[in-house]
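Notes for the one structure printed next.
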Amino acid sequence: MEDHRGNDREEIFSKRVKAGKRTYFFDVKSTKSNDYYLTITESKRRLQGETFVFEKHKIFLYKEDFGKFIEALQHAVDHVKNELMPEVDFSQYDVEESEPELDDELKWE
């Protein structure tokens, strides 16, 4: 069981990315000293008995590591694209899924 004491800070920004059976959350939160950090959460829905549970894995990323993290991620992605799978057209995966907009009006059909 995860210990959330002190980790439930105010959320400033959130972006959700659906990816098949997984969902990734990119959340910007604030510290007590008005600094900011990023949490990246992977959430997977799993069947446990007769009900579904969500298995979550979280990474905390602090401002001093943003550049190193982005650089390492880009190098890893480039390695897969250019060295391991150069024949794959990755642009087919670049379509961003848009979330449906909520309509203020109720419509009865």
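None of the figures in this text is laboratory data; all of them are computed from the coordinates on show. No experiment lies behind these values; they were computed from the predicted model shown. Note: ideal-geometry Cβ built from the backbone for every residue, glycine included; neighbour counts use all protein chains shown.
Observations, loosely collected:
- Above-threshold pairs, the threshold being 19 Å between Cα atoms, out of Lys18/Lys68; Lys32/Lys56; Lys15/Lys58; Lys56/Lys81; Lys15/Lys81; Lys15/Lys68: Lys18/Lys68; Lys32/Lys56; Lys56/Lys81; Lys15/Lys81; Lys15/Lys68
- Charge-dipole axis of the range 11-88 as Lys and Arg at +1 and Asp and Glu at -1 on Cβ define it, positive-most pick from Phe54, Thr23, Ile12: Phe54
- Packing-based order for 20-26, 86-92, 50-56, using average beta carbon neighbours within 10 Å, highest first: 20-26, 50-56, 86-92
- For the range 11-88, the relative contact order is 19 percent, taking Cα pairs closer than 8 Å that sit 6 or more residues apart in sequence and dividing their mean separation by the residue count.
- With R₀ fixed at 25 Å, the C-beta to C-beta distance from Phe54 to Ser30 puts the FRET efficiency at about 0.55.
- Computed over the range 11-88, the P(r) tail beyond 18 angstrom holds 59 percent of alpha carbon pairs.
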